[in-house]
Amino acid sequence: MASTATQRAIGPVVLLGPPGAGKGTQAKRIAEHYGIPQISTGDILRANVASGTELGKKAKAIMESGNLVPDELVQQMVADRLRQPDCARGYILDGFPRTLAQAQWLDNYLKNQKDSQVAPVVVDIQVGYNELLGRLTGRRTCPTCGRIYNVHLQPPKVDELCDVDGAKLVTRKDDTEEVIAERLKAYERQTAPLTDYYQSQGRLRALDGAKAIDDVTGQAFAALDKARP
Ligand code: AMP
């Protein structure tokens, strides 16, 4: 999609939705359109695991089991990232917050910022359980450029190879059936209550995530343009 980045301050955006809802795909499009960084806690954690940092060592086994990494570790990681200058006009959080404690921490963090008094706009991609299962078991990722495919719904042009750079696509370690079931349970137990939290504050914008990818992107842009005209 062509970039039409606007330079207005869009502020913090939170992208909610269960695993497999398309958060990664939509976050990349939103980031490009508004010219803001995508902050994916899953991606940052995976990078820490790959390079063997202290944080990565603590997170590895938890991530492979499909459970959530402790709040304090993820919050510290997010605080470090939000301090970077590229976050000044806004940013999109993809995969954070994941618990009520993280959502409250984020509200508190934002309140204490001198120059960023705005509460986040919260966009929730809603998709039914069976649809999610199909998407997660078919998901493949390009290890080089991060592009996401689905062998059933959105296959690459050449089997198992990235359309953009030809790299061999990989299945994420936590996209196996048992781990997927754990991740969906963790979502129901710990993350689904966030929709009520943000809804009760009148901050939730729900998107119909069962629609085609471009349609969901259109819904997201419309919701954000309305919230931050
Ligand atoms: P994701 O790529 O967003 O699906 O995240 C992959 C895994 O990273 C999750 O299953 C968790 O183990 C961990 N993770 C990512 N974000 C968070 C978070 N906000 N809080 C706790 N754990 C997280």
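Derivation of every value follows stated rules applied to the coordinates shown; laboratory data play no part. No experiment lies behind these values; they were computed from the predicted model shown. Methodologically, a virtual Cβ is constructed for each residue, glycine included, from the backbone with ideal geometry; neighbour enumeration extends over all protein chains shown.
Based on Cα atoms of the range 77-145, Rg over Rh with Rh as the Kirkwood radius reads 1.06.
Using the Cα gyration tensor of the chain, with a ≥ b ≥ c the square roots of its eigenvalues, what is the shape: rounded (a/c below 1.5), prolate (a/b larger than b/c) or oblate (neither)? Rounded. Under 1.5 on a/c is rounded, so check that first for the range 5-68, then, if it is not, pick prolate when a/b is larger than b/c and oblate when it is not; a ≥ b ≥ c are the square roots of the alpha carbon gyration tensor eigenvalues. It comes out prolate by the Cα gyration axes. Annotation: extensible slack from Gln113 through Asp43 equals 22.7 nm (criterion: 0.36 nm per residue apart, minus Cα-Cα distance).
Note on the range 89-195: dipole from Cβ charges, positive end direction compared against Phe96, Val158, Thr144; the farthest Cα belongs to Phe96.
Shape verdict for the range 147-229, please, from the Cα gyration tensor: rounded (a/c under 1.5), prolate (a/b greater than b/c) or oblate. Present the calculation step by step, with values, prior to reporting the outcome.
On the way: a/c = 3.12, a/b = 1.41, b/c = 2.22.
Because a/c hits 1.5 or more and a/b fails to exceed b/c, the range 147-229 counts as oblate.
Multiplying the residue separation of Arg8 and Leu153 by 0.36 nm and subtracting their alpha-carbon distance yields 48.7 nm. Placing +1 on the Cβ of every Lys and Arg and -1 on the Cβ of every Asp and Glu, with nothing else charged, gives the chain a dipole about its Cα centre of roughly 420 debye.
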